[in-house]
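The values are calculated or read from the model by the stated rules, or taken from the named source; none is laboratory data. Computed from a predicted model, the values in this text were never measured in an experiment. Here the Cβ is made from the backbone with ideal geometry for all residues, glycine too, and neighbour counts use every protein chain on show.
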Amino acid sequence: MGKYGVEMHGVILWGDQRCDRALIWCEDHGSLAFYNAPSVIEGDRVQFDAGDLVQFDVQDGDDMRLATNLSVVATEEFPYLASQLKDAMHDTGRNPSAQEVAADKKVVALKRPKQPRMYNALQNKTAFNS
């Protein structure tokens with residue numbers, strides 16, 4: 001468990017650097033997580049953009065999942081994920097639940113860049129933890 005909840009990886013779907021806010025697709029394919037950074041000094045801000053692979057602590061809020069303790073693992077790891085999800089929703093005409101997607105095996109295939117940066121980043125993390 002992370003310092004502020006369950007440790008998880010995810011991908012930034014949308015981010016607003018000016019307000020330090022982001023919407024994150026979580027590795028467990030559960031509800032999306034919302035990141036709203038606490039007030040920080042300008043130099044201490046986490047720099048992120050849509051498509052970045054991030055690590056964070058997640059906890060359930062009153063009406064949404066909240067991400068805290070955000071750090072970028074790899075930049076531009078999944079740059080097209082948001083548009084792929086939007087296309088998948090358009091194809092079905094509605095936003096299916098996670099259970100329906102799993103039951104129908106309608107999984108959004110992640111189109112990765114040629115360089116496997118996520119794999120390398122996770123291997124480096126494993127090496128540091130041993």
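Tabulated data for the structure shown
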item: Inter-residue pairs, beta-carbon under 8 Å, first in contact (Cβ under 8 Å) with a residue 12 or more places away in the chain and over 10 Å from residue 11 (Cα atoms) and in the stretch 45-69, second assigned to a strand (DSSP E or B) and of a type in the set (Lys, Arg), 6+ apart; result: 58/65; 59/65
item: Residues that are modelled with pLDDT of 85 or more, touching a Lys or Arg at 6+ places or on another chain (Cβ under 9 Å) and polar (S, T, N, Q), drawn from the stretch 13-69; result: 31, 36, 55, 59, 68, 69
item: Test result for residue 6, of a type in the set (A, V, I, L, M), at pLDDT below 90 and not in a strand (DSSP E or B); result: no
item: Of all residues making up the stretch 70-108, the number that are over 22 Å from residue 5 (Cα atoms) and either under 15 Å from the mean Cα position of the chain (by Cα) or at pLDDT 90 or above (or both); result: 12
